[in-house]
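Participant: After the structure tokens below, expect a handful of questions from me.
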Amino acid sequence: MSFYLPNIDTWQTEVDVWDTETGELLLHHLCQKLWNGAHLVLEMSGKVRVTFKGNWWYNVKLAGVFFDSTNNDALGKTTAHLVKEDFDTRGNWKAVYGKSGWWVFGADQKIPAGISVKPANSITLIQLKWPEGVRKFTYRKDPVLPDNSTGMGFATDNVQIAFNVIPIGQDGYESHPKGTMPRFVGYKCTDYEYALNQVASEFGGGTEIWRLLVPGMPEKHFYPRQPASPFDGPVKKGKLAITHEGSTRITECAIPWTEIPDVKKALDEGKTVKFSFRVNDNNNMGSCMELARERSVSKMNSRAFHASWKEHWANEVEFAFEK
């Protein structure tokens, strides 16, 4: 038999074959990487259960099962033996596998006579016991983070703004790894970032301009477990107004020049400033509504805004000050 596993971002795929009558583990195989898709070819006999387990973000996906005869004799009533990993055939299985039959999910199936195959939908619960002598910890499953864009069970509408003013390579980070050109991979494109938030009534109400990033500030996502820094917190002398006209939300803010001195320096020297904003929508927490999105001067770059695991676009749109 051949099991076809397409590459759906899965690493270290564990394949186990069990004897369904005795519960004995007949075969354990670790496939380090599926590359562009792999056929796992096994010789099996008897009543067996085959399980696939991935150790990455996604579960293992099984696209098809193919049946072929073998000239080898089984060494027992119920056996399992790995023949090979095939990374070349991929979806071109016809004339290679399935001469006796196949089961391609989502298409017609041809199961050979005398063979029964079906998916198993079973849940195995394992009791986890806290080890003796180890202090117990508690945590909040869905923390409220100041950037408000994480989509982890809590989010409301807010706006994030970001300034890119310090030249690349002079902002505390290398401009590019050796052997590549600047901006070829993800790079630092924001020096000052703020979240413009409506504060919930249980936290005092009103508004806040929360400081997410300034030069010298450790980059983090403000989980409760992360150490505090002297830069944490709202902008003390900033002003923020959030109003509504029908279904339109209007956000206006004023940030002191002392909070963004490099932006003020660019103004005084007549230089341009790169600026972007992100609008977060509680009804669609995965949406990317950013000023630089799909503009020719920009590209996808997770370093533009918090949270860094979201889709963001490089903060490269330049603005000049009117005089």
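Each reported figure results from applying straightforward, stated rules to the coordinates on display, with no laboratory input. All values derive from a computational prediction rather than experimental measurement. Cβ placement follows ideal geometry from the backbone for every residue including glycine, while neighbour counts extend to all protein chains displayed.
Participant: In the neighborhood of ARG295, defined by Cβ-to-Cβ distances under 13 Å, what is the net charge if each Lys or Arg adds +1 and each Asp or Glu adds -1?
Facilitator: -1
Participant: Do the sum for the chain: with -39,500 (n - 2.57) for every DSSP H run of n ≥ 4, divided by all residues, what is the mean residue ellipticity at 222 nm, to the nearest 500 deg cm²/dmol?
Facilitator: One gets -500 deg cm²/dmol as the mean residue ellipticity at 222 nm.
Participant: If we sort 94-101, 53-60 on the protection proxy, mean other Cβ atoms within 10 Å, highest first, what's the order?
Facilitator: So the order, starting with the most tightly packed, is 94-101, 53-60.
Participant: Over the stretch 149-307, what is the relative contact order in whole percent, taking alpha-carbon pairs under 8 Å and six or more residues apart?
Facilitator: Over the stretch 149-307, the number comes to 30 percent.
Participant: Subtract the Cα-Cα distance of VAL199 and ARG249 from 0.36 nm times their separation in residues, and report this length gain in nm to one decimal.
Facilitator: 16.5 nm
Participant: Can you tell me what the convex hull of the Cα atoms of the chain projects to on average, as an area in nm²?
Facilitator: Its average projected convex-hull area is 26.8 nm².
Participant: If contacts are Cα pairs under 8 angstrom and at least 6 residues apart, what is the relative contact order of the stretch 30-149 in percent?
Facilitator: Normalised by residue count, the contact order of the stretch 30-149 is 28 percent.
Participant: In whole Hz and in residue order, list the ³J(HN,Hα) couplings for the stretch 167-178 that follow from phi through the Karplus curve 6.51 cos²θ - 1.76 cosθ + 1.60, θ = phi - 60°; x for Gly and Pro.
Facilitator: Each residue's phi maps through the Karplus curve to give x, 4, x, 10, 9, x, 10, 5, 5, 6, x, 4 Hz.
Participant: Please label the shape of the stretch 2-110 as rounded, prolate or oblate, based on the square roots a ≥ b ≥ c of the eigenvalues of the alpha-carbon gyration tensor (a/c under 1.5 means rounded; beyond that, a/b larger than b/c means prolate, else oblate). Working shown, then result.
Facilitator: Numbers: a/c = 1.73, a/b = 1.15, b/c = 1.50.
It is oblate, given that a/c is not under 1.5 and a/b is not larger than b/c.
Participant: Go through the stretch 292-297 residue by residue and turn each phi into a ³J(HN,Hα) via Karplus (6.51, -1.76, 1.60, θ = phi - 60°); whole Hz please, and just put x for glycine and proline.
Facilitator: 8, 4, 6, 7, 4, 7
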